[in-house]
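Below is one structure; the comments refer to it alone.
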Ligand SMILES: Nc1ncnc2c1ncn2[C@@H]1O[C@H](COP(=O)(O)OP(=O)(O)OP(=O)(O)O)[C@@H](O)[C@H]1O
Ligand SMILES: [Mg+2]
Ligand SMILES: [Zn+2]
């Protein structure tokens, strides 16, 4: 990876996503990314289970007569114990209906970051756009994360996920353009001008929505749909079976919601105080942006929609799943 | 379903024209963090300083450029320097004079009336953007095409090297060395003490140099790209001219391998500062008067000094020529990082240029990184963790060797190493009085 300025020591970018939590920090002259899947696996208490976990040196957390295996191990052992993983977060925020959510997120973050060494160590963590119907949910989410980081000895600040994409991907354009992260729980977007956020928004239709919807219309489990989607979906060629057909349909639904919301958001601002000087780029990141043909579909949808701001190009981040954490890292370093 | 949206307040953004200026300036900085810092620092500074100037667009424009200049200055001359390329000297002057410039310009406008002000401001803004564009080119040398190491020199050095011709400002020497003399100054004649290693009284010497100290300029340079052709030479020549007026270094080798003589061989140049080195017979203290200083125009990148193949070839020719002319011993051709000390804190490696990876072998020299530094073995200097950190991990092997030697000697004399080092350091202090 290209080197970011030398003074990145003690600075960490943290992407707290619905599906994974990723940290990026400087190691020598390189950026080092570490990921834990944001999931856990509750296993009923038993001698055998305990032995297996101990033998495999798996970290777990014990509560209420259950072992909770978390992070990457959760996925690894789900098959072994024939159990389903659960998520501490949903729709981009900490899941209020999941009693173990708080302690597990905290444990995963702790494992990723370790205790702070310097007293000026700074973590910049990503947060989604504010939900209009319940803005206090976001404040709660943000404050909880901040609290965990303080406990671990870090100073912290938050960055909007869409803006993190702008920081990471639009340096050449002097941080002017639209950054979009199409993730698991939501799509986040931010229009920035010279790094100043002008408007940001989020939609709750993203990867998880696709898995669930396709599952329910085809009778497959969401987990299986997710696997098919991640391993073989090609949005550039026509669907070959029922599942693929449904995947195409719900992908279009995600894209249409995203573009409609984008146009609405941008239309309001561009008539007011702010006017663009020239066409701006759109950059796509996030796991859901990865299938072949996604970029083309976004481009077509934008063209068809009469977007109120002139768009110069639509491009895909060269590293879609790391872009948020990388942007958060940049935000952590420049803040000196 | 949630369909949330947050509208931010883009009031922090200045007028369209100033945004365009900010865009022009930002485009010259090619690192996301630095660029982000610059933009935000400028916007914030402008926001604070332009409050209450809403009705004075011209003054706002001036204030804006003032703030941008200040931000750039901080970026370039911060204690944590960044990859913004030179020629920073004219910018430095502007930066130093920024308050004066601001006052003068605003004063001139208020005195000269609005119309004149508008014309002046237009010119000034265009000029400022043009200047900034030229001053802050994109960063330089791709590290991909930099060699990790250079092969050792195979041939024997020539026994004698002589001046073949000297036309205009260029000397040609018999081993192929070419020297540009357009910036040459004479300098104070050399005269110094050498301290016999056997403890005999110091010997006054003078005239010819006794050794060579190699430096890395670690300066920012214009990028090596066609569109910067004009800047590339101007930058170097400005730098050499500046060095020459201050008599810093005897030679400078630019990235194309062009050799500039700055101070004559027999003249004293400023380069090694507080420093210590030794050969078999003598210790030398504060090497400016006894050693020739040769600097490489270089870039500090990823914990090492980056130079080009052309520079290595030129340095080989220059080293051969100097050694042949003045009978300089291999033992006294040494990188600056190995001789520089901090006398107050009794630490080695005060300046760390070439404290690692100087291509000694390629210049036909023995590996000086294996030599235990005399500063430690003879004068009780030590090192701290910070040095290793600055060098990206490890110190050169000579340091560990020196430590072992001091420990062994302390054991022999039945004192603790600390006591021995303090004693050695006293000797340094006494000798130092002579070289001042
Ligand atoms: N190759 C792929 N093709 C299609 N979808 C993929 C692929 N890889 C991952 N995904 C999907 O991307 C989503 C995860 O993306 P990402 O890691 O960006 O989300 P997140 O940051 O954890 O979530 P969010 O930002 O919404 O909180 C999941 O829905 C996953 O199924
Ligand atoms: Mg995400
Ligand atoms: Zn030096």
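The values are calculated or read from the model by the stated rules, or taken from the named source; none is laboratory data. Everything quoted here is computed from the prediction, not taken from an experiment. All Cβ positions, glycine included, derive from the backbone under ideal geometry; neighbour counts span all protein chains shown.
Below are the figures for this structure:
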quantity: Extreme residue, farthest from the other protein chains (Cβ to nearest Cβ), among residues of region A:201-231 that are within 16 Å of ligand 2 (Cβ to nearest atom) and over 15 Å from the mean Cα position of the chain (by Cα); calculated: A:230
quantity: Qualifying positions in region A:261-278 - modelled with pLDDT of 90 or more and touching a helix residue (DSSP H, G or I) at 6+ places or on another chain (Cβ under 9 Å); calculated: A:262, A:263
quantity: Candidate set: region A:25-41, residues that are crowded, with 19+ Cβ neighbours inside 10 Å and more than 13 Å from ligand 1 (Cβ to nearest atom); chosen: the one farthest from the other protein chains (Cβ to nearest Cβ); calculated: A:41
quantity: Elements of type strands (runs of 3 or more DSSP E) in region B:286-375, at least 3 residues being at pLDDT 95 or above; calculated: B:291-296, B:333-335
quantity: Residue list for region A:296-325, restricted to those being buried (at least 20 other Cβ atoms within 10 Å of the Cβ) and within 15 Å of ligand 1 (Cβ to nearest atom); calculated: A:297, A:298, A:317, A:320, A:321, A:322, A:323, A:324, A:325
quantity: Flag if residue A:208 is out of contact with any helix residue (DSSP H, G or I) (no Cβ under 6 Å at 6 or more places or on another chain), farther than 25 Å from residue A:188 by Cβ and away from ligand 3 (no atom under 16 Å from the Cβ); calculated: no
quantity: Matching entry among A:179, A:184, A:147, A:153 (being touching a helix residue (DSSP H, G or I) at 6+ places or on another chain (Cβ under 8 Å), away from ligand 3 (no atom under 16 Å from the Cβ) and not in a strand (DSSP E or B)); calculated: A:184
quantity: Condition met for residue B:379 (buried (at least 20 other Cβ atoms within 10 Å of the Cβ) and modelled with pLDDT under 95); calculated: no
quantity: Cβ pairs under 9 Å, 6+ apart, first in region A:157-170 and at negative phi, second within 16 Å of ligand 3 (Cβ to nearest atom) and not in a helix (DSSP H, G or I); calculated: none
quantity: Meets criteria (modelled with pLDDT under 65 and within 24 Å of residue B:238 (Cβ to Cβ)) for residue B:2; calculated: no
quantity: Criterion (modelled with pLDDT of 85 or more and under 30 Å from residue A:164 (Cα atoms)) met by exactly one of A:29, A:95; calculated: A:95
quantity: Qualifying residue in region A:28-40 (condition: over 19 Å from the mean Cα position of the chain (by Cα), away from ligand 2 (no atom under 16 Å from the Cβ) and free of Cβ contacts under 8 Å to residues at least 24 places away in the same chain); calculated: yes
quantity: Some residue of region A:83-91 being within 14 Å of chain B (Cβ to nearest Cβ) and more than 16 Å from ligand 3 (Cβ to nearest atom); calculated: yes
quantity: Lone qualifier among B:402, B:408 - being touching a residue at least 24 places away in the same chain (Cβ under 8 Å) and more than 25 Å from the chain's Cα centre (by Cα); calculated: B:402
quantity: Residue among B:326, B:350 that alone is more than 14 Å from every other protein chain (Cβ to nearest Cβ) and within 22 Å of the chain's Cα centre (by Cα); calculated: B:350
